[in-house]
1. Angle check, please: helix 4-23 long axis (alpha carbons) against the longest principal axis of the chain (alpha carbons), in degrees 0 to 90, nearest 10.
2. Pairing rule first: another cysteine's C-beta must sit under 4.7 Å. Under that rule, which cysteines of the chain stay single?
3. Springs between alpha-carbon pairs under 10 angstrom, Gaussian network model over the chain: which of Gly92, Gly25, Gly50 fluctuates most?
4. Under the Karplus relation 6.51 cos²θ - 1.76 cosθ + 1.60, θ = phi - 60°, what is the ordered set of whole-Hz ³J(HN,Hα) values for the range 50-60, x standing for Gly and Pro?
5. Normalising by the residue count of the chain, find the relative contact order in percent from Cα pairs under 8 Å and 6+ residues apart.
6. When a footprinting reagent is the concern and you count Cβ atoms within 10 Å, what order do Thr2, Thr38, Thr102, Thr91 take, fewest first?
7. Can you give me the long-range amide H partners of Ile63? Hydrogens built in the peptide plane at 1.01 Å from N, cutoff under 5 Å, separation of 5 or more residues or another chain.
8. Please identify, among Asp32, Asp52, Asp60, the residue showing maximal mean-square fluctuation in a Gaussian network model of the chain using a 10 angstrom Cα cutoff.
Amino acid sequence: MTGLEDLARRRQAEAKRIRALLDGGHDARMADLKVGETAVAYVKEELCIGCDQCPLVCDDDAIDMVQRAMRSPLLELESNRKAVIRRDDCTGCGLCVMACPTDAIQMIDR
Ligand code: SF4
Ligand code: SF4
């Protein structure tokens with residue numbers, strides 16, 4: 001049977017591994033962030049978990065949350081929320097990129 005100490009040790013190791021995965025390359029991506037009027041935000045939908053953080057920080061109201069068909073065979077959900085950028089309203093400030101916990105948003109050339 002698993003003891004409490006063993007469980008805590010395994011949990012700590014797993015948390016460390018997940019944190020390293022989440023942090024991997026994040027600082028470099030932020031350093032290279034291209035912002036301004038020549039840039040526009042773009043969402044990689046496969047990475048978006050529909051957490052609502054990006055529309056919260058977007059002062060220009062340039063992000064819609066939409067329902068997309070769910071493709072996972074593991075979850076019994078018909079749809080999932082995804083962020084979609086309204087390119088014409090996006091001012092290229094980059095705030096949404098910094099707010100996204102899954103690095104689903106990047107700045108691309110307009
Ligand atoms: S870059 Fe700025 S204006 Fe454009 S969607 Fe992100 S937060 Fe909104
Ligand atoms: S912050 Fe990222 S994960 Fe959350 S809704 Fe926006 S794009 Fe999706």
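Read-outs throughout are calculated quantities, based only on the coordinates presented, and are distinct from any laboratory measurement. For clarity, every value in this text was computed on a predicted model and none was experimentally measured. With ideal geometry, Cβ positions are generated from the backbone for all residues, glycine too; neighbour counts draw on all protein chains shown.
1. 20 degrees
2. So, Cys48, Cys51, Cys58, Cys90, Cys93, Cys100.
3. Among Gly92, Gly25, Gly50, the largest GNM mean-square fluctuation belongs to Gly25.
4. Working through the residues one at a time gives x, 7, 6, 5, 5, x, 5, 8, 6, 6, 9 Hz.
5. Details: 154 pairs, mean separation 39.3, N = 110.
Reported as a whole number, the value is 36 percent.
6. Fewest-to-most Cβ neighbours within 10 Å comes out as Thr2, Thr38, Thr102, Thr91.
7. The answer is Arg86.
8. Taking springs between Cα atoms under 10 Å, the residue moving most is Asp32.
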